[in-house]
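The values are calculated or read from the model by the stated rules, or taken from the named source; none is laboratory data. Because the structure is predicted, anything quoted here is derived from the model rather than measured. Neighbour counts run over all protein chains shown; Cβ positions are idealised from the backbone, glycine included. We work out accessible area using only protein heavy atoms, side chains counted, and drop any ligands, DNA or RNA first. Shrake-Rupley method; radii C 1.70, N 1.55, O 1.52, S 1.80 Å.
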Amino acid sequence: MLIKNTKNHYGIVAIFLHWIMAILIIGLLILGLYMVPLPISREKLNLYRWHKEFGMVVLILVVFRAAWRLSNIIPSLASLPPWEKFAARSVHYAFYVFMFAIPISGWIMSSAAGFSVSFFGLFLLPDLVLPDENLRIILTEIHKWLSYLLIAIIFLHISPL
Ligand code: HEM
């Protein structure tokens with residue numbers, strides 16, 4: 001298998017990025033839905049920290065993935081009827097929008113809450129905005145609803161239809 005994509009197949013880098021990100025994102029969706037209703041405890045705070053740290057890993061990976069996609073050819077979908085080709089490409093573009101928007105909304109939400117995001121205890125990431133309670137509430141809703149939409153798109157992506 002080749003490192004780069006060809007006209008007919010995805011290369012090893014694209015396949016690796018697809019699966020590592022799929023595992024991380026599905027894990028983050030499950031973790032997010034699990035951690036929010038928990039009562040305040042050390043466990044909840046630790047889960048929030050892991051959620052944010054692995055969420056930032058997704059943001060780093062999607063920058064690399066978008067750059068890789070733009071600098072590679074993508075396998076043609078010529079064998080598909082036009083509407084299926086359109087649907088498949090639209091779902092792919094929607095994934096990119098969500099893979100950027102969800103972690104960035106989480107990062108702004110944390111900054112607005114006055115909590116800087118730590119990167120696995122190595123360093124703190126810069127705050128994107130000053131603490132602001134109204135903004136935190138708005139971003140929490142945006143982050144949540146984008147995540148729900150992403151779940152719907154994942155089902156569309158894996159649906160056999
Ligand atoms: C692809 C990456 C991510 C996904 C799929 C994701 C998904 C989710 C989901 C499903 C929830 C639960 C929403 C709810 O039920 O209210 C959640 C909550 C949360 N996420 Fe993320 N998230 C991601 C990245 C991030 C990042 C990078 C940060 C911060 C740096 C972050 C911060 C938070 C916080 C603080 C909450 C809890 C909000 C609350 O207490 O209501 N997330 N996330």
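Are there any pairs with C-beta distances below 9 angstrom linking a residue in the stretch 33-58 that is assigned to a loop (DSSP other than H, G, I, E, B) to a residue that is of a type in the set (Lys, Arg), with the two at least 6 apart or on different chains, and if so which?
36/44; 36/144; 38/44
Quick one: residue 43 ticks every box in (1) in contact with a Phe, Trp or Tyr (Cβ under 8 Å, 6 or more places away or on another chain); (2) over 18 Å from residue 101 (Cβ atoms) except a single one, so which number is it?
Going through (1) in contact with a Phe, Trp or Tyr (Cβ under 8 Å, 6 or more places away or on another chain); (2) over 18 Å from residue 101 (Cβ atoms) one by one, residue 43 breaks only (1).
Among the residues that make up the stretch 63-83, is at least one of them within 10 Å of the ligand (Cβ to nearest atom), open to solvent by less than 40 Å² (accessible area, probe 1.4 Å) and in contact with a helix residue (DSSP H, G or I) (Cβ under 7 Å, 6 or more places away or on another chain)? Don't jump to the end; show me each part of the working.
If we filter the stretch 63-83 for residues that are within 10 Å of the ligand (Cβ to nearest atom), which is where we start, we get none.
Scanning the stretch 63-83 turns up no residue that is within 10 Å of the ligand (Cβ to nearest atom), open to solvent by less than 40 Å² (accessible area, probe 1.4 Å) and in contact with a helix residue (DSSP H, G or I) (Cβ under 7 Å, 6 or more places away or on another chain).
Between residues in the stretch 92-110 that are in contact (Cβ under 8 Å) with a residue 60 or more places away in the chain and residues that are near the ligand (Cβ under 9 Å from one of its atoms), which pairs lie under 7 Å by C-beta distance while being six or more apart or on different chains?
Pairs found: 99/58; 99/62.
What is the residue count in the stretch 3-37 for residues that are in contact with a helix residue (DSSP H, G or I) (Cβ under 7 Å, 6 or more places away or on another chain), closer than 11 Å to residue 65 by Cβ and either away from the ligand (no atom under 16 Å from the Cβ) or open to solvent by 100 Å² or more (accessible area, probe 1.4 Å) (or both)?
The qualifying residues number 2.
Quick test for you: out of 94, 87, pick the one residue that is modelled with pLDDT under 95 and closer than 19 Å to residue 149 by Cα.
Just one listed residue meets the conditions, 87.
Provide a single number: the residues in the stretch 105-161 that are in a helix (DSSP H, G or I), polar (S, T, N, Q) and within 10 Å of the ligand (Cβ to nearest atom).
Narrowing the stretch 105-161 to residues in a helix (DSSP H, G or I): 105-112, 133-158.
Now restrict to residues that are polar (S, T, N, Q): 105, 110-111, 134, 140, 147.
Imposing the further condition that a residue be within 10 Å of the ligand (Cβ to nearest atom) reduces the set to 105, 110-111, 140, 147.
Summing the residues that are in a helix (DSSP H, G or I), polar (S, T, N, Q) and within 10 Å of the ligand (Cβ to nearest atom) in the stretch 105-161 gives 5.
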